[in-house]
Amino acid sequence: MNDKSFESLPEEKRKRIIDACIKEFALNGYENASTNVIVKNAGISKGTLFYYFESKKNLFMYMFNYSAEYLIGKYLSNRSEQPSDLFDRLVWISMQKIKMVYQNPMMSRLTFKAIADMPKELEKDLTEKYNELYTKYLPIIFSDGVDTSNFRKGIDPDKAIEIMMFCLDGVSHKFIKAYSKGKADEVFNDLEELVEEFNKYVEILKYGIYGKR
């Protein structure tokens, strides 16, 4: 793949190609995405596209990496606002995820679909990339000023965090599913109701782990 050649393109042209690729992969998935549609929307030839990326697989992995890094970067740019209490932070992270889905629908759709329903041809590469991102960024998210002092004696904080992330991810996907059906406006017009639902799950998790209220 000619990474340096693609990265050296004028910003406007590079962004046009990226947007066209992300939209096509997000809407149709890896297997059904059409490179003919991509080049038409990007305003380039198919030969030019494959000069930069060589294969559809390389093209998809580049767009997946680009989208994942962009979304994570958006979260990290707001990291100074995250609460110190672990449970408050988990809710805040979940809310940020939902907001990013709303603000960046195509990138979010591409990354979520790729992880949730991995194409067989890309399963190894996507799994490796997901594990790389998880290992790189999860410690950053939970390393700065997290308060676990209220955990019951004997509770492993790392295991507790993992369990809580699984649970709250499930709640997040409930609302992401609503977004995928075209109901994002309905979800985000009433954030108070959304926060209230998150808090119900957090209450159950918190008082099964904390030793006291």
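Read-outs: derived from the displayed coordinates by stated rules, not from any lab. Every value quoted in this text rests on a predicted model; they were computed, and no experiment measured them. For neighbour counting, all protein chains shown are included, and Cβ atoms are generated from backbone atoms with ideal geometry for every residue, glycine included.
What to note about this one:
- Extension gain for residue 133-residue 81 works out to 16.5 nm (0.36 nm per residue, less the C-alpha to C-alpha distance).
- Calculated FRET efficiency for the pair residue 120/residue 167, C-beta based, R₀ 45 Å, to 0.05: 0.95
- Theoretical FRET efficiency, 1/(1+(r/R0)^6), r = Cβ-Cβ of residue 13 and residue 158, R0 35 Å, to 0.05: 0.20
- Which of 27, 90 has the fewest Cβ neighbours within 10 Å, and the rest in rising order: 27, 90
- Our estimate of slack between residue 57 and residue 203, defined as 0.36 nm per intervening residue step minus the Cα-Cα distance, is 48.2 nm.
- Residue-span extension gain [residue 41 to residue 148] - 0.36 nm each, minus C-alpha spacing: 33.5 nm
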